[in-house]
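Chemist: Here it is: the structure, laid out below.
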Amino acid sequence: MPPTMEAEQQEDQVVDQLKLEELHIDEKQSEPKTEIPVPNLDEVEEILGYKFKDKSLLEEAFTDSSFSGELPSYERLEYVGDAVLNLLFTKEHFSLYPNLSPGPLTRLRAANVDTDKLARVAIRHGLHRYLRHKKPLLGEQGILEYPLHSNGLIDAPKALADIVESSIGAVFIDCSSSLDIVWKVFKSLLEPIIDPSTLCIHPVTQLYEVCQKRNLKIEFVDLWTESTAVDVLIDNQHMGRGVYSLKKDIAHNRAAKNALDNMEKILRDA
């Protein structure tokens with residue numbers, strides 16, 4: 001075959017291949033995209049036991065900034081809900097515990113409104129299933145292993161706590177800023193509420209207190225960069241270890257808890 005004819009055939013084959021590829025691309029583009037189903041927020045009203053007059057507030061409360069759409073994200077309502085929740089617990093604790101000074105009252109309120117506690121509320125009542133978002137899957141992540149509070153032993157996703165606060169903010173705005181209505185709606189959802197008898201000491205604080213009473217030397221050894229671990233030495237003896245790859249603080253807290261558990265066992269068996 002003459003070289004010119006062979007070259008022309010090869011050129012025709014290339015053109016045909018390009019046309020096939022273009023056709024394949026057009027077919028893929030014309031395929032219907034799979035839409036993520038939007039959760040039915042009527043079910044949220046059933047969970048809350050509250051019917052919204054303005055449904056757009058409910059929709060906004062469960063829309064994350066990662067979700068593309070026309071509605072604004074929950075961030076403004078979360079801001080309102082955070083302030084309202086702090087005020088509600090301040091009011092409740094002031095009435096329930098007339099003999100508590102501001103210091104203990106502040107610690108009690110903080111334990112009931114932090115991310116750890118509110119994430120547990122979201123998981124227990126299934127509110128996380130209604131958040132419209134494009135973030136990694138929001139699951140239990142060991143949260144329900146601690147009925148009240150983990151005291152820094154788990155890394156609860158902030159988004160879980162956010163939707164509790166945004167829900168509170170949405171109800172507050174929808175009911176014309178009635179604190180009584182908001183408390184009536186959310187008090188049972190926030191149960192079990194931490195009280196002075198169930199307020200636990202943070203494991204790091206508790207470990208320092210135990211060692212101080214027994215005149216023991218405590219040292220935290222930071223191995224987190226190398227092995228995502230933190231060790232605890234008591235009088236130069238290895239007493240505990242905590243491991244967590246995402247946040248050093250969590251590894252630090254787990255190390256203190258592990259050391260406390262081991263010290264308790266040693267003292268019990270002695």
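Chemist: Name the residue that is farthest from the chain's Cα centre (by Cα), counting only residues in region 184-198 that are surrounded by 15 or more Cβ atoms within 10 Å (Cβ to Cβ) and not aromatic (Phe, Trp, Tyr).
Modeler: Among residues in region 184-198 that are surrounded by 15 or more Cβ atoms within 10 Å (Cβ to Cβ) and not aromatic (Phe, Trp, Tyr), the one farthest from the chain's Cα centre (by Cα) is VAL185.
So that you can scan it fast, the table gives a plain yes or no per residue for (1) at negative phi; (2) part of a loop (DSSP other than H, G, I, E, B):
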| position | (1), (2) |
| --- | --- |
| HIS128 | yes, no |
| LYS135 | yes, yes |
| LEU144 | yes, no |
| PRO147 | yes, yes |
| ALA156 | yes, yes |
| VAL164 | yes, no |
| SER167 | yes, no |
| SER176 | no, yes |
| TRP183 | yes, no |
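Chemist: Suppose we keep only residues that are among the acidic types (Asp, Glu) and touching a Ser or Thr at 6+ places or on another chain (Cβ under 7 Å) within region 54-87. Which one would you say is least open to solvent (accessible area, probe 1.4 Å)?
Modeler: It comes out as ASP64.
Chemist: Still on this structure: Out of curiosity, is HIS252 open to solvent by 50 Å² or more (accessible area, probe 1.4 Å), touching an Asp or Glu at 6+ places or on another chain (Cβ under 9 Å) and within 30 Å of HIS93 (Cβ to Cβ)? Steps first, please.
Modeler: Details: open to solvent by 50 Å² or more (accessible area, probe 1.4 Å): yes; touching an Asp or Glu at 6+ places or on another chain (Cβ under 9 Å): yes; within 30 Å of HIS93 (Cβ to Cβ): yes.
For HIS252, the condition - open to solvent by 50 Å² or more (accessible area, probe 1.4 Å), touching an Asp or Glu at 6+ places or on another chain (Cβ under 9 Å) and within 30 Å of HIS93 (Cβ to Cβ) - is met.
Chemist: Which condition from (1) over 19 Å from the mean Cα position of the chain (by Cα); (2) closer than 30 Å to PRO72 by Cα; (3) open to solvent by less than 40 Å² (accessible area, probe 1.4 Å); (4) not aliphatic (A, V, I, L, M) is the one that CYS211 breaks?
Modeler: Here CYS211 clears every test but (2).
Chemist: Same structure, new question: Using beta carbons and a limit of 7 Å, which pairs, at least six apart or on different chains, have the first residue in region 206-225 and touching a residue at least 12 places away in the same chain (Cβ under 8 Å) and the second one among the charged types (D, E, K, R)?
Modeler: Here the result reads LEU216/ASP235; LYS217/ASP235; VAL221/ASP231; TRP224/LYS248, each pair linking region 206-225 to a residue that is among the charged types (D, E, K, R).
Chemist: Just one of the numbered conditions (1) in a loop (DSSP other than H, G, I, E, B); (2) buried (at least 17 other Cβ atoms within 10 Å of the Cβ) is not true of ILE201; which one?
Modeler: Unmet condition: (2).
Each row is one residue, and each column tells you yes or no for (1) in contact with a Ser or Thr (Cβ under 8 Å, 6 or more places away or on another chain); (2) not in a helix (DSSP H, G or I).
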| residue | (1), (2) |
| --- | --- |
| PHE89 | no, no |
| SER95 | no, no |
| LEU100 | no, yes |
| ARG107 | no, no |
| ASP116 | yes, no |
| VAL121 | no, no |
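Chemist: With the requirement that a residue be assigned to a strand (DSSP E or B) and either small (Gly, Ala, Ser) or open to solvent by 50 Å² or more (accessible area, probe 1.4 Å) (or both), what does region 224-249 give you?
Modeler: Quick first cut of region 224-249, residues assigned to a strand (DSSP E or B) only: 229-234, 237-243.
Once the filter is applied, which keeps residues that are assigned to a strand (DSSP E or B) and either small (Gly, Ala, Ser) or open to solvent by 50 Å² or more (accessible area, probe 1.4 Å) (or both), region 224-249 yields ALA229, GLN237, HIS238, GLY240, ARG241, GLY242, VAL243.
Chemist: While we're here: When you go through ARG109, ARG120, ARG76, ARG124 one by one, which is the residue that is among the basic types (Lys, Arg) and touching a residue at least 60 places away in the same chain (Cβ under 8 Å)?
Modeler: ARG76
Chemist: Given the structure, is ALA156 closer than 16 Å to LEU77 by Cα, in contact with a Ser or Thr (Cβ under 8 Å, 6 or more places away or on another chain) and crowded, with 19+ Cβ neighbours inside 10 Å?
Modeler: No, not satisfied.
Chemist: Scan region 50-100 residue by residue and report those that are out of contact with any strand residue (DSSP E or B) (no Cβ under 9 Å at 6 or more places or on another chain) and among the aliphatic types (A, V, I, L, M).
Modeler: Scanning region 50-100 gives LEU57, LEU58, ALA61, LEU77, VAL80, ALA83, VAL84, LEU85, LEU87, LEU88, LEU96, LEU100.
Rundown of residues vs (1) open to solvent by less than 90 Å² (accessible area, probe 1.4 Å); (2) under 17 Å from ALA161 (Cα atoms); (3) at pLDDT 95 or above, yes/no style:
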residue: TYR97; (1), (2), (3): yes, no, yes
residue: LEU105; (1), (2), (3): yes, no, yes
residue: ALA110; (1), (2), (3): yes, yes, yes
residue: THR115; (1), (2), (3): yes, yes, yes
residue: TYR130; (1), (2), (3): yes, yes, yes
residue: HIS133; (1), (2), (3): yes, yes, no
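The values are calculated or read from the model by the stated rules, or taken from the named source; none is laboratory data. Because the structure is predicted, anything quoted here is derived from the model rather than measured. Cβ: placed from backbone, ideal geometry, glycine included. Neighbour counts: every protein chain shown. SASA here: full protein model, heavy atoms, side chains in, ligands and nucleic acids out. Shrake-Rupley method; radii C 1.70, N 1.55, O 1.52, S 1.80 Å.
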